[in-house]
Amino acid sequence: MALTKVQKQKVLDGLKEKVARQKAMVFADFQGLKVKDLTQLRREMKKNDNELKVAKKTLIAKVFQENKIDINVKKLSGEIVLGFGYKDEISPFKTLHEFSKKHENLKILGGLVCGEIIGKERALELGQLPGREEFLARLFFTAKFPLFGFYNILQRNLSILKVKS
């Protein structure tokens, strides 16, 4: 069923607000994905402070044009779903990438990070990066590791000195 002008304007206003708030945006083709799978994806996105929005290409193109985002939406294949990341830049890419591993009908097409348009390959690379919390944990452990080594060396030296005396 076709949308009325009022409904289209509501969708357009919602998209404008989301595009203005986002830190990152993912474009994906969801053609052939079942409704229950799309619902599951929405829940996973929401868990990670992200949002999923399905809209017609013409409405997406209008919003992009108003925000000076230079993407030809008509050239993107299939039915488009937009994944918005509000918390960090990597999270929407990671969530969609993980979901696409289990559901082959979801295909990541590209994205937008910090105002820069990225292609499919770069979007998939971002999806394979560790999440923010995981990255910070790894960084913290890496920073702590030399201190543990230094502490162990001092402990061994002290134990050797105790044995000699």
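The values are calculated or read from the model by the stated rules, or taken from the named source; none is laboratory data. These numbers come from a predicted model, not from an experiment. In this analysis, Cβ positions are derived from the backbone assuming ideal geometry, glycine residues included, and neighbour counts consider all displayed protein chains. Areas reflect the complete protein model, heavy atoms only, side chains present, ligands, DNA and RNA absent. Shrake-Rupley method; radii C 1.70, N 1.55, O 1.52, S 1.80 Å.
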Whichever lysines have a C-alpha closer than 24 Å to that of Lys62, once near sequence neighbours (fewer than 8 apart) are set aside: Lys5, Lys8, Lys10, Lys16, Lys18, Lys23, Lys53, Lys74, Lys75, Lys107, Lys120
Using the Cα atoms as the points, what is the convex hull volume per residue of the stretch 1-152 in Å³? 130
Estimate the FRET efficiency between Arg21 and Arg138 by the formula 1/(1 + (r/R0)^6), using the beta-carbon distance for r and 25 Å for R0, to the nearest 0.05. 0.30
Only helical DSSP H runs with n ≥ 4 go in: add -39500 (n - 2.57) per run for the chain, normalise by residue count and round the 222 nm mean residue ellipticity to 500 deg cm²/dmol. -19000 deg cm²/dmol
Could you give the angle, 0 to 90 degrees to the nearest 10, between helix 57-66's Cα long axis and the longest principal axis of the Cα atoms of the chain? 70
Longest principal axis of the chain (C-alpha) makes with the long axis of helix 91-102 (C-alpha) an angle, in degrees to the nearest 10, of 80
Would you work out what percent of the accessible area of the chain, with all protein chains in place, is carbon or sulfur (probe 1.4 Å)? 57
With Cα coordinates, the longest principal axis of the chain makes an angle with the long axis of helix 5-21, in degrees rounded to 10, of 20
For the chain, with only Lys/Arg (+1) and Asp/Glu (-1) charged at the beta-carbon, what is the dipole magnitude about the Cα centre, in debye rounded to 20? 280
